[in-house]
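Have a look at the structure below before the remarks.
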Amino acid sequence: MSQIASAMSYLHRPRSLYVASFDGRKRLAMRKLVLEVQISIDGYIAETDGKTDWMIWNWGPEWKWDQALRTYHTDLTKSADCFLISRQMAEEGFIAHWAHVSQNPDDPRYSFAKHISDTPRVVFSKTLKKSKPIPGGWQNTDLASGDVVEEVLKLKGQKGKNMLVYGGATLVSSLINAQLVDELHLIINPVALGKGLPIFNDRQHMNLVTAKSFDSGIVVLHYERKPN
């Protein structure tokens, strides 16, 4: 079964997953999956070797975004009660990095870093095992090792607020291709790479919600997925 077909088949799950809407009809109650990602103007989230030093702020200690963009990012982060990350991000130290930042209340990144550290996370990998240590440890972190579509649909069917996914490129591409990403917040850096790691590998139709420019040179495009 294709990923899209698998996602659509979820609509035929038991009625217990449905809630009554204002018109009395039964509708599927599902959490939203939201993508926030930094991207170049020509659609790449990293160079082919994974480098991101072209970003105005590539997640380092010097937060070069203006205050309005910082607030946008922090508010979006705090709107989620679950974070989805790839195996590569886990092994490269995503959990450990933000846990370290959350130990310093004077760090301007403290507010969103603490939320990331305190909020449940799910690592997607078919090869990683919980018996293998990862930087920052497995505390507050689950492992999803099954089919990515089925794993995400199970998470969507649980009670809670929105879920947020940051990457990496392979995980995000698979979620977009399977039409599982409900909203996209594309943080567009003012640079063209020419080549790199894309997240869009097929035609996707979107509805533009907002487009905002920021003093640091970033433009954020907020889209909602348009159902096919």
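Within the range 22-37, restricting attention to residues that are modelled with pLDDT under 95 and part of a strand (DSSP E or B), which residue is farthest from Val152 (Cα to Cα)? Once the filter is applied, the top-ranked residue is Lys26.
Mind checking whether some residue in the range 85-97 is surrounded by 16 or more Cβ atoms within 10 Å (Cβ to Cβ), of a type outside the set (A, V, I, L, M, F, W, C) and touching a strand residue (DSSP E or B) at 6+ places or on another chain (Cβ under 7 Å)? The answer is yes, given that some residue of the range 85-97 is surrounded by 16 or more Cβ atoms within 10 Å (Cβ to Cβ), of a type outside the set (A, V, I, L, M, F, W, C) and touching a strand residue (DSSP E or B) at 6+ places or on another chain (Cβ under 7 Å). Here the range 174-213 is the region considered, the condition is being within 16 Å of the chain's Cα centre (by Cα) and assigned to a loop (DSSP other than H, G, I, E, B), and the residue that is surrounded by the most Cβ atoms within 10 Å (Cβ to Cβ) is Ile199.
Pairs are defined by a Cβ separation below 9 Å, a sequence spacing of at least 6 or placement on different chains, a first member in the range 132-154 that is at positive phi and crowded, with 16+ Cβ neighbours inside 10 Å, and a second member that is at pLDDT 95 or above and β-branched (Val, Ile, Thr); the pairs so defined are Gly136/Ile95.
Once the range 197-214 is narrowed to residues that are touching a Leu at 6+ places or on another chain (Cβ under 9 Å) and in contact (Cβ under 8 Å) with a residue 60 or more places away in the chain, the residue that is nearest to Ala46 (Cα to Cα) is Ile199.
Filtering the range 107-117 for residues that are of a type in the set (Gly, Ala, Ser), farther than 17 Å from Val37 by Cα and over 17 Å from the mean Cα position of the chain (by Cα) leaves a non-empty set. Only one entry in Thr71, Thr127 is of a type in the set (Ser, Thr, Tyr) and under 18 Å from the mean Cα position of the chain (by Cα), namely Thr71. Within the range 111-127, the set of residues being surrounded by fewer than 16 Cβ atoms within 10 Å (Cβ to Cβ) and under 19 Å from Tyr166 (Cβ atoms) comprises Asp118, Pro120. Looking only at residues in the range 159-173 that are assigned to a loop (DSSP other than H, G, I, E, B) and closer than 22 Å to Phe94 by Cβ, the one that is nearest to the chain's Cα centre (by Cα) is Gly168. Only a single criterion out of (1) within 30 Å of Gly217 (Cα to Cα); (2) in contact with a Phe, Trp or Tyr (Cβ under 8 Å, 6 or more places away or on another chain); (3) of a type in the set (Val, Ile, Thr) is not satisfied by Thr170, namely (2). If the condition is being surrounded by fewer than 18 Cβ atoms within 10 Å (Cβ to Cβ) and either at pLDDT below 95 or among the β-branched types (Val, Ile, Thr) (or both), then the range 38-48 contributes Ile41, Thr48. Cβ separations smaller than 7 Å between residues 6+ apart or across chains give the following pairs from the range 110-125 residues that are without any contact (Cβ under 8 Å) to a residue 12 or more places away in the chain to residues that are surrounded by fewer than 21 Cβ atoms within 10 Å (Cβ to Cβ) and among the hydroxyl-bearing types (Ser, Thr, Tyr): Tyr110/Ser102. Annotation note: Cβ proximity below 7 Å between a residue of the range 87-100 that is of a type outside the set (Val, Ile, Thr) and a residue that is buried (at least 16 other Cβ atoms within 10 Å of the Cβ) and in a helix (DSSP H, G or I) (sequence gap 6+ or interchain) occurs for Trp98/Ala113; Trp98/Ile116; Trp98/Ser117; Ala99/Ser117.
The values are calculated or read from the model by the stated rules, or taken from the named source; none is laboratory data. Since the model is a prediction, treat every value here as computed from it, not as a measurement. Positions of Cβ are backbone-derived with ideal geometry, glycine not excepted, and every protein chain shown enters the neighbour counts.
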